[in-house]
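The structure appears right after this line, and notes come after that.
Just so you know, all these numbers are worked out from the coordinates, no wet-lab data involved. Just so it is clear, the structure is predicted and the values come from calculations on it, not from any experiment. Neighbour counts are summed over all protein chains in view; Cβ atoms, including those assigned to glycine, are modelled from backbone coordinates with ideal geometry.
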Amino acid sequence: MKQFLLGCVFALQFLGAKAQTARLEGRVSANGKALEFATVGLKNSKFGVLTDTTGAFRLEGIPAGRYQLTASLVGYEPFQRNVTLSPGQSLNLNVTLREAANMLQDVVVTGTMREVSKLESAVPVEIYTPKFFQKNPTPNIFDALQNINGVRPQLNCNVCNTGDIHINGLEGPYTMVLIDGMPIVSSLSTVYGLSGIPNSLIERVEIVKGPASTLYGSEAVAGLINIITKNPQKAPVVTADVFGTTWQEYNADVGVKFNAGTKATSLVGVNYFNYQRPFDKNRDGITDLTLQNRISLFNKWQFNRRENRQASLAARYFYEDRWGGQMNWTPEFRGGDQIYGESIYTSRVELIGTYQLPVPEKITFQGSFNHHHQNSVYGNVPYIATQRILFGQFLWDKQLSERVSLLVGTPMRYTFYDDNTPATQSGDSLRPVNRPDRIVLPGVFVQPEFTFSEKHKLLVGLRYDYNSRHGSIFTPRLSYKWSPDKTSALRLNFGTGYRVVNLFTEDHAALTGARQVVVKNELKPEQSWNVNLNYTKQIPFGGGFLALDGSAFYTYFTNRILPDYDTDPNKIIYDNLNGHSVSKGLSLNVEANFTFPLKLMAGATVMDVYQVEPNADGVMERTRQILTERVTGTWNATYDFGRGLTVDYTGNLYGPMRLPLLSPEDPRPEYSPTWSIQNIQMTKRFNNGFEVYGGVKNLLNFLPPANSIARAFDPFDRGVEFDANGQVVATLTNPYRLTFDPTYVYAPFQGIRGFVGVRYTVR
């Protein structure tokens, strides 16, 4: 009897608790179609869920009160509605979402040169918006890429801070950088070309990992980065972003939109960066960070035409003055041998245009031109170079049937390059003749795409180029996509790549330090074969959503050109590899969204990059590639406290890299440590379009060892003795047989620092 009464009491308590709570249910749809995996929740509460295959949702056990119901899904505008729930109430509420005006997060163009849904693309494409980069504000895109898994900005010189972008362990020259789909940043500009792109004008960045030479030609071997600028018609009226650091770095980004009558809209952008205070925290007598004064001007026009045909024209001007070297260097010592300094003046002009022809077929012309001039000195070694690239192509995009589409392109690229190095020198050494390098590269590519069903899609590509120096080049590719359900996709991509190299335009390490540059033979084009297996999966869980993106990649090279630092420590030797090279690895990205205000993104890549070639005895020997990490990791955590206050914690981690040593006696470690750069930021958003943010960069204050620059105290090697064969002789003052060398670099010499900034947007 006692147990029966206790049971009744518990039942009454349970029913009373249920009576004090409410239930909310309904369906989420758009254009009459149920939406699966939409996030539905009550703001600032623990209640949240994902819709099922019918678009249905149910929230139970909600305490009575007033709430704000939210619903969201990628590609749709967020939904908000105030609801009041009474004790014991069961409220049925249907939600209708509207498609976002631009669908930017869902549409990609880079992988196939056609606007397609990211989920439907046969080629895996990663998308990063300005909101991602704002979580760790930087003065340029080069630095902003540091928190993307598998993508690493690599510094190549401790003095001038030149750098390039590595993708999956392959060096910068293997990565093509596009602006609005055109090869603007290449060759000579690879080391500085990403520095002055105004962040205020960037709509998104699309990244393809793996070869894309079939569509984009040479340089797209490791992958490509496509920087897509804002459409002036859809851009905010005014954007401004200004910040400074405790190192006295100052950056300003401003964008303004205006209408020119009813036919055109223009967007003007300005980026200015200034850093003029030299630091020498490691006390080696050399500046830790290159001093810079940089300005970039950008103007893009979008024209209104009948039937929404495309027409746009953009121009950019870039100028930068940077220097690094001994702390007492001033411009009067430029190019001399008294005080060592590396001084680079860079000026650049770019034009980009797109025009869709007024014909029934969808035929578009894309064209670009850039002029890049560099006046630089590395100590007393001058490097004066000019490069011009003219590019144009017609694209014919045709839907042949419901299940078959065709893309045909006719690219033409002309490259002019001239400098004061042996790269453009002919004749004997006593009577050299300067002969600028001119390459004409016409081509054609065909890309049919077959949609067999909702689950199966096949994309085939074939490209033919004729290089005026190297002749005919074929680059095929094959992409297959299988979607067993709406939550997962398997993509298999196979492709080939080629690259024609000009080492002086791409490897500025060849110009710094005391190493002699040797080109053993006439360099042949590199060739590569790549296979990439990508799997994506979306996993809903109670009150949250998990997205997985995993890849396995393998690239095989022949004729690869690598700088040889090992054969002779006093030389950098360039030659085609007498063997083969391999880059392989595994990569995983994870994104977690919860109904409570926490978002997590993390990624990791494990890779092995090496070359196989015969040693002095003719035995094939495997060597790990220099300046390439084993493991990389990135993460991003955002917590929303409400009332416009958020905190972002970002970071990266890199595993050991093999580093270039000068001699067997070199006391510096052959491998770098595992190191990490971590940052934290707090942002306060106001309703009037203002944002105030601030934080700390490099929280752990990581710095490379102080002796990273060999013989920093003797940059002109006045205290170094050489024998008759040019080899360094060990002396009492130089027992390790070292020369001045700034190429032993794997991380920036910039420690912990604070920053604060303001953003303003008028829509």
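What the table below lists for this structure:
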read-out	value
GluC sites (Glu not before Pro) lying in DSSP loop within the range 661-763, provided at most 15 other Cβ fall within 10 Å	Glu665, Glu670
3J(HN,Hα) from dihedral phi, the range 287-301, Karplus parametrisation 6.51/-1.76/1.60, rounded to Hz, x for glycine, proline	4, 6, 9, 5, 6, 9, 9, 9, 9, 9, 10, 9, 9, 10, 10
Per-residue HN-Hα couplings for the range 719-727 [Karplus 6.51, -1.76, 1.60; θ = phi - 60°; Hz; x = Gly/Pro]	x, 9, 10, 10, 8, 5, 8, x, 8
Relative contact order of the chain, pairs being alpha-carbon contacts under 8 Å that are 6 or more residues apart, as %	10
Gain upon complete extension [Phe702, Leu351; 0.36 nm per residue less C-alpha separation]	122.3 nm
FRET efficiency, 1/(1 + (r/R0)^6) with R0 60 Å, evaluated for Ser86 and Phe494 via beta carbons	0.50
Centroid-to-centroid separation of the range 594-662 and the range 30-48 [C-alpha atoms, Å]	35
Subset of Lys230/Lys684; Lys209/Lys263; Lys33/Lys263; Lys398/Lys481; Lys263/Lys684 violating a 31 Å alpha-carbon distance limit	Lys209/Lys263; Lys33/Lys263; Lys263/Lys684
Share antiparallel - DSSP beta bridges, the chain, percent rounded to 5	95
Spacing of the two label points (7 Å from each Cα toward its C-beta) at Glu25 and Lys362, in nm	4.3
The range 376-445: trypsin sites (Lys or Arg not before Pro) falling in loop per DSSP and having at most 14 other Cβ within 10 Å	Arg403
Degrees between helix 2-20 axis and first principal axis of the chain (Cα, 0 to 90, nearest 10)	70
Among 462-472, 120-130, 45-55, the order from most to least packed when residues are scored by Cβ within 10 Å on average	120-130, 45-55, 462-472
Rounded to whole Hz, the Karplus (6.51, -1.76, 1.60) HN-Hα couplings of the range 602-615, x for glycine and proline	8, x, 8, 9, 10, 9, 9, 10, 8, 10, 10, 8, x, 8
Pair Lys131, Leu600: separation of 7 Å Cα→Cβ label points (nm)	2.0
Alpha-carbon centroid distance for the pair the range 318-358 / the range 222-275, whole angstrom	22
Calculated FRET value between Glu115 and Val238, using beta carbons and R₀ = 25 Å, to 0.05	0.35
Positive-end extreme of charge dipole, the range 564-655 - chosen from Ala604, Leu586, Thr638 (charges on Cβ)	Thr638
Relative contact order (percent, whole number), the range 577-677, Cα cutoff 8 Å, 6+ residue spacing	21
Residues Arg403 and Met620, FRET efficiency given R0 of 35 Å [Cβ-Cβ distance, rounded to 0.05]	0.15
Only Lys, Arg (+1) and Asp, Glu (-1) charged, at Cβ; the chain dipole about Cα centre in debye	3180
Chymotrypsin sites (Phe, Trp or Tyr not before Pro) restricted to the range 272-365 and DSSP loop, no more than 13 other C-beta within 10 Å	none
Segment Tyr317-Asp608, length gained on full extension (0.36 nm per residue, minus Cα span)	100.8 nm
222 nm mean residue ellipticity, helices alone, for the chain (DSSP H n ≥ 4; -39,500 (n - 2.57); rounded to 500)	-1000 deg cm²/dmol
Contour excess over end-to-end distance, with Cα ends at Leu390 and Thr96 and 0.36 nm allotted per residue	101.0 nm
Mean-position separation - Cα centroids, the range 521-535 and the range 404-477, in angstrom	14
